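J.: Structure provided below as structure tokens; questions to follow.
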Amino acid sequence: MTVHKSQGSEFTHAALILPDAPNPILTRELVYTSITSDRHWLTLVETGRGQLMDASQRRVMRVSGLGS
């Protein structure tokens with residue numbers, strides 16, 4: 001199940017598998033959503049070095065004209 005589909009749900013165990021290459025969709029908001037969906041523990045798989053750090057520094061760029 002993707003992070004987007006699981007949004008609003010809570011699981012006993014969640015796993016977040018990060019890509020090996022940078023991806024503009026992987027933002028700090030997406031990482032936060034995945035981390036907070038687990039009730040007891042999270043398994044994080046980082047196949048590319050530094051992807052979690054990069055994602056935690058990347059914010060969603062809103063172009064809708066709405067304030068953030």
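J.: Which far-off residues, 5 or more places away or on another chain, put their amide H under 5 Å from the one on L44, with H placed in the peptide plane?
T.: L16
J.: Now a separate question. Using the Karplus curve 6.51 cos²θ - 1.76 cosθ + 1.60 with θ = phi - 60°, what ³J(HN,Hα) values do you get for each residue of segment 35-44, in whole Hz, with x for Gly and Pro?
T.: So the Karplus estimates, Gly and Pro as x, are 5, 7, 8, 8, 8, 10, 8, 10, 9, 10 Hz.
J.: What number in nm² do you get for segment 14-57 if you take the convex hull of its Cα atoms and divide its surface by four?
T.: 2.7 nm²
Values in this text are rule-based calculations from the coordinates and carry no lab data. Because the structure is predicted, anything quoted here is derived from the model rather than measured.
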